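The values are calculated or read from the model by the stated rules, or taken from the named source; none is laboratory data. The structure presented is a predicted model; accordingly, all values stated were derived computationally and were not measured. Cβ placement follows ideal geometry from the backbone for every residue including glycine, while neighbour counts extend to all protein chains displayed. To get the accessible areas, we keep the full protein, side chains included, count just its heavy atoms, and leave off ligands, DNA and RNA. Shrake-Rupley method; radii C 1.70, N 1.55, O 1.52, S 1.80 Å.
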Amino acid sequence: LSIMGDPGMESTVSPPESTAQDSFLSMTDVFLISLITGLFTYWFFFRKKKEEIPDLPKMQTISSPERDGSFIEKMKKTGRNIVVFYGSQTGTAEEFANRLSKDAHRYGLRGMAADPEEYDLSDLSRLSEIDKSLAVFCMATYGEGDPTDNAQDFYDWLQEADADLSGLRFAVFGLGNKTYEHFNAMGKYVDKRLEELGAQRIFELGMGDDDGNLEEDFITWREQFWPAVCEHFGVEATGEESSIRQYELVVHTDVDMSKVYTGEMGRLKSYENQKPPFDAKNPFLAKLTENRKLNEGGERHLMHLELDISNSKIRYESGDHVAVYPANDASLVNQFGEILGTDLDTVMSLNNLDEESNKKHPFPCPTSYRTALTYYLDITNPPRTNVLYELAQYATDSSEQEQLRKMASSSAEGKALYLSWVVEARRNILAILQDMPSLRPPIDHVCELLPRLQARYYSIASSSKVHPNAIHICAVTVEYETKTGRLNKGVATNWLKNKVPNENGRNSMVPMYVRKSQFRLPFKPSTPVIMIGPGTGIAPFIGFIQERAWLKEQGKEVGETVLYYGCRREREDYLYREELARFKQDGVLTQLNVAFSRDQAEKVYVQHLLKKNKEHIWKLVNDGNAHIYVCGDARNMARDVQNTFYDIVAEYGNMSQAQAVDYVKKLMTKGRYSLDVWS
């Protein structure tokens, strides 16, 4: 009450000359007045608040940028009965979801693809309100069994949910890679968890393998999935698959160029007027300050790049990834214009014919064809079968049209032809147009069909403790000859290779953002670390060692820091040789073990050096609670290293092979065996 009362009331206390009785009465009066005033004030304000409560949810809904409202209401409003959610990191799961939602019309059903990040997934319990309703989930697994960024909230909800999904019918197609430890973990989890919550699976879990032929896995699952849907709902296919345009072309002849996108990922002019926070939809334009070749010889080009992140408010930790948005080679883009007879500087928009769709355009519009083909579209990867099917109608030569349709079919012969002629020959869309002279589709339809050009992720090769305003990258350029004799080049690495810091007085800029990782140094600096990273797999360990050196300088007790590194030849591609030697000399790097695979008759790899030092390794792991880190190739190296650890644990821990495997898996669960691998 004293807080709510007026501070001026203190002056109404009776002066000392008043009698005791008068003082008592005065005090009582003051107390009662204060009490009544306080109670009235309390009642008045709280009564007002209670009256305002019903309006608050409306205010929150209007201002919330994260959620688009209820997908159930949207489906009811637009007459949809199939919703296909996608958990996508590189765009493939989203692409598959769009294809499935387009398929639905062939069965008298209507589908919509949906980003789980944009909706409240607890509404799944209401999907049964819609007749012949079905939820499909195309879920990619990212990293070491993790959900993709846009599916993180959905994953968290599934883990905590106690919902009754007994009215929900569902199917799941997972996208994974068998070279990884947790193959299709996200797809498996969603499929299992939905069933646990009472939902009814109407078709078995599909598992695509990107190490094999992901497209074929998807087609095979899809061709069995739709008959199961038909049987469940008692519907039939209404006809053959048909080409239906999703977007309409609008050419802008008289346009204000300040309203035209020139490569921005989200907000128009975001590269001219940068505003944090920076993420996938709002990358930071970092200045390239260094680009040096790391190797002294050999055919490959290995490079060290430094990006200036001053004034960006970007924070990173050792082990995080930097995502870089590259640009396609200008000569490839120009060839597109020439072969399709198009003025690439034409300004256009592709507008979604479905006005209710969240996705108004396939990429930022309005823009020019040149910008779209340079910054927004993937023109270097082999196209998927749906693209071939849609383009077939434009081939004027019947044999070329037949070949395209065959490759897009689900027949065994068609799948084999697609695998050999497109996938194994690494034919991209430009190569297909060059090898099929009668195929000259309108460029706007090609732009509609091509997937988005994705950001490329690199393990950060620096510590923010030492380099708070810079991010370092270690990368190798990708370049190879295809079976057709063409020279294919990796988009991002060749784009980065050709970037020159401060060229002709102009800054060289790289659009980027940081993606947090679970690849972390131990909390206690005194914990020993064993790092295994051949080739560019050394990248995060340069950051780790820098950080351990900094901790040592701060007077912290730093545990053993052991590195196992590998390259082809000592005098050719020994990366960061001087830096590592200095760290070893300073006592930060307690052990530096380097395998030169081709400097002798028999190849020597990092796992061979691990076997040589197996007793020391066992002591560090078992007695010293060491943390193990593996970075690099997932297909061979990471697997061989893991098998070596099984052998070491079995031998020195007196365990069977099965017990040793269990021991290493437990290290992984505890975060003491971490992987940052790629295939």
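Before moving on, here are some points about what is shown:
- Of the residues making up region 204-214, those that are modelled with pLDDT of 95 or more, surrounded by 15 or more Cβ atoms within 10 Å (Cβ to Cβ) and not hydrophobic (A, V, I, L, M, F, W, C) are 206, 208, 209.
- Residue list for region 130-172, filter: more than 23 Å from residue 120 (Cβ to Cβ) and in contact with a strand residue (DSSP E or B) (Cβ under 6 Å, 6 or more places away or on another chain): 141, 144
- Filter pass, residue 642 being open to solvent by less than 40 Å² (accessible area, probe 1.4 Å) and in a helix (DSSP H, G or I): yes
- Residue 217 being open to solvent by 30 Å² or more (accessible area, probe 1.4 Å) and at negative phi: yes
- Region 346-365 - residue that is acidic (Asp, Glu) and either open to solvent by 70 Å² or more (accessible area, probe 1.4 Å) or outside any loop (DSSP other than H, G, I, E, B) (or both) and, of those, modelled with the lowest pLDDT: 356
- Every residue from region 134-163 that is outside any helix (DSSP H, G or I), farther than 25 Å from residue 228 by Cβ and within 13 Å of the chain's Cα centre (by Cα): 142, 143, 144, 145, 146, 147, 148
- Taken as a whole, region 308-323 holds at least one residue that is closer than 23 Å to residue 465 by Cα, open to solvent by less than 10 Å² (accessible area, probe 1.4 Å) and part of a strand (DSSP E or B).
- Any hit, region 300-307, residues being under 20 Å from the mean Cα position of the chain (by Cα) and in a loop (DSSP other than H, G, I, E, B): no
Condition check ((1) β-branched (Val, Ile, Thr); (2) in contact with a Leu (Cβ under 6 Å, 6 or more places away or on another chain); (3) under 26 Å from residue 372 (Cα atoms); (4) touching a residue at least 60 places away in the same chain (Cβ under 8 Å)) across all residues:
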residue	(1), (2), (3), (4)
221	no, no, no, no
224	no, no, no, no
227	no, no, no, no
230	no, no, no, yes
235	yes, no, no, yes
244	yes, no, yes, yes
251	yes, no, yes, yes
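- Filtered residues of region 105-133 (kept if more than 17 Å from residue 358 (Cβ to Cβ) and part of a helix (DSSP H, G or I)): 105, 106, 107, 122, 124, 125, 126, 127, 128, 129
- Residue within region 173-180 that is among the β-branched types (Val, Ile, Thr) and closer than 30 Å to residue 637 by Cβ present: yes
- Figure legend. Inter-residue proximity from region 500-515: first residues over 23 Å from residue 457 (Cβ atoms), second residues charged (D, E, K, R) and not in a loop (DSSP other than H, G, I, E, B), beta-carbon distance below 6 Å, spacing 6+ or different chains. Indicated pairs: 507/287.
- Residues (open to solvent by 50 Å² or more (accessible area, probe 1.4 Å), in a loop (DSSP other than H, G, I, E, B) and over 23 Å from residue 359 (Cβ atoms)) located in region 234-273: 234, 236, 237, 238, 240, 253, 254, 256, 272, 273
- Looking across region 329-343, the residues that are open to solvent by 10 Å² or more (accessible area, probe 1.4 Å), touching a helix residue (DSSP H, G or I) at 6+ places or on another chain (Cβ under 8 Å) and closer than 24 Å to residue 271 by Cβ come down to 329, 330, 332.
- Filtered residues of region 645-659 (kept if in contact (Cβ under 8 Å) with a residue 24 or more places away in the chain and either part of a helix (DSSP H, G or I) or in contact with a Cys (Cβ under 9 Å, 6 or more places away or on another chain) (or both)): 645, 647, 648, 649, 651, 652
- For region 559-578, residues that are open to solvent by less than 40 Å² (accessible area, probe 1.4 Å) and either under 28 Å from residue 625 (Cβ atoms) or not in a helix (DSSP H, G or I) (or both) total 11.
- Output for region 324-336, where each listed residue is in a loop (DSSP other than H, G, I, E, B) and among the aromatic types (Phe, Trp, Tyr): 325
- Scanning region 621-639 for residues that are part of a helix (DSSP H, G or I), acidic (Asp, Glu) and within 18 Å of residue 519 (Cβ to Cβ) turns up nothing.
- Residue check: residue 418 meets all listed conditions (1) of a type in the set (Ser, Thr, Tyr); (2) outside any loop (DSSP other than H, G, I, E, B); (3) surrounded by fewer than 21 Cβ atoms within 10 Å (Cβ to Cβ) but one, namely (3).
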